[in-house]
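Everything below concerns the one structure shown next.
Read-outs throughout are calculated quantities, based only on the coordinates presented, and are distinct from any laboratory measurement. Values in this document were obtained by computation on a predicted structure and should not be read as measured data. Every residue, glycine as well, gets a Cβ built from its backbone with ideal geometry; the counts of neighbours run over all protein chains shown.
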Amino acid sequence: MTTEVNPEDLVGLENGDLIIEGKTKKVLQAKNKKGILPGYVIVENKPDLTANDDKKLTRQFPNKVRYATATACGVFELLEACGIPTAYVKQLSETSFLMKSSKMIPLEIVARRYAVGSYLKRHPELITEDAKKPHRFHRLETEFFLKTTDRKFGNIISNLETDDPLIINPSSSTSLIRQLAHPKKPSWEGSEFPQTISLANILASTNKSEAEEKMVELDLLARKVFLVLEKAWANLGLDLIDIKIEVDSEGRVSDVVDNDSWRLWLNGEQLDKQVFRDKGGAALDEIEKKYGQVAELVKQLTIPEQALIFWRGSTSDPLPEIPTLRGVTIVNIDMSGHKTTVESLKRAEKIFSTFPQGGVFVCEVGRSNGLGPILASHVPWPVISCPATLKEFPNDIWSSLRMPSDVPLLAAWPEANAVNAALGILAQTNPEVYAHLQLKRESMDNYIV
């Protein structure tokens, strides 16, 4: 558990001793004027660009450090803003940032929207004729890979055929034992796998139900991360193809997430590391431009400040439950559209000036619905009518449906559906709302490949 410190202790930090050095970054002890700062580390990116786990293919470009830092910090800040736990604290310089110390779970978790890369080597049946239009998974495909070094996992497994084997059925089994498979070969090719690993050795837990529950939690976390970033990038016209994350024992995204961690496409053009994997050192100039482009675009990954206005004709109309989601301010209004038409439109006008990034009106009205048509005629935002008395008086629906021209009133019932319809509209630009709704949808759609 990270020790909480006084914010003043996080001022004037400098590098301490090197703790560990990886392929693309260094992790150093954090120091302040008092000395070592327990529970915190400084991450410094390196200029190295790696490919296919082959050290001979590693190249460098000077701006890699700056671009990687900007991208990682921007991503961490968006995830934190969407309520996803990370070990990130703050950016310290163009080349480093502060993180909470973490005990990493030895897993790489990959979430995929499209079938590309190594997935196609294991599932060649999903190869499409046009590589720029790969097979899309309706429900995110998540995979777990065991992190190994030199084809070993500590003192437990050695002489693996390759590093980072795939874990079969990671969150569903009758025991703690999981089968391993080659990450880049289909099962029918007869490699030296299968070998097995116990979740107890991965999660440091011998309780079967606890271990399986943890794997489900990790799967859910990976899905949330992907969905938030999927919508954030989609708002800029980009497609997030897949992403790799690593998580610590406290359930936080703790390893760097940057342009080395995903596949990111713009109209089929790869803005990530793939072009380096394909072309090697000959692509360094091209890669530098792409990394710089992504580092600039990350600055635009934000949560809009919008409103969901739940407007009742009177206080006797029921109030539904509305989930608390970042970027969505709930505004409750009780005012009759029939009796206070001018005042209602003035009230709406004030809301527009408060939320310039938009919102949605949900009007729950009993009896004749004047409020919904009036607002739909005059406001620039979507208006959804919910006939509160529909169950007792079915004919009340017509005052929400039979509209004259240029009155684009929508209708939904009951209240929960009206709220979800409003959230669905806000989700088109809000990454957290999108992730909230999409998780529910995809949990129902696990039968669709």
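Summary table below
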| item | result |
| --- | --- |
| Rounded tilt (10° steps) of 431-444 against the dominant C-alpha axis of the chain | 80 |
| With Cα atoms, 0 to 90° folded angle of helix 284-297 axis to the chain main axis | 30 |
| Gyration tensor (alpha-carbon) shape descriptor, the stretch 68-158, a/c threshold 1.5 | oblate |
| Between the stretch 92-107 and the stretch 155-219, the Cα center-to-center distance that results, in Å | 26 |
| Among Leu13, Gly268, Val419 the positive-end extreme of the charge dipole of the chain (Cβ point charges) | Gly268 |
| Angle in degrees between helix 341-354 and the longest Cα principal axis of the chain, rounded to the nearest 10 | 20 |
| Listed values [x] 23.5; [y] 27.0; [z] 20.9, entry calculated as mean projected area of the Cα convex hull in nm² | [y] |
| Computed [θ] at 222 nm, helices only, for the chain once each DSSP H run of length n ≥ 4 contributes -39500 (n - 2.57) | -8500 deg cm²/dmol |
| The stretch 267-287 and the stretch 358-399: distance between their alpha carbon centers, rounded to Å | 52 |
| Lys, Arg +1 and Asp, Glu -1 on Cβ, resulting dipole of the stretch 107-298 about Cα centre, debye, nearest 20 | 360 |
| Label point distance in nm, Glu349-Thr149, each placed 7 Å from Cα along Cα→Cβ | 6.8 |
| Cross-link pairs Lys147/Lys289; Lys23/Lys289; Lys208/Lys244; Lys25/Lys214 - those with Cα-Cα distance over 23 Å | Lys147/Lys289; Lys208/Lys244; Lys25/Lys214 |
| Magnitude of the charge dipole, the stretch 7-100, Cβ model with Lys/Arg +1 and Asp/Glu -1, debye to 20 | 280 |
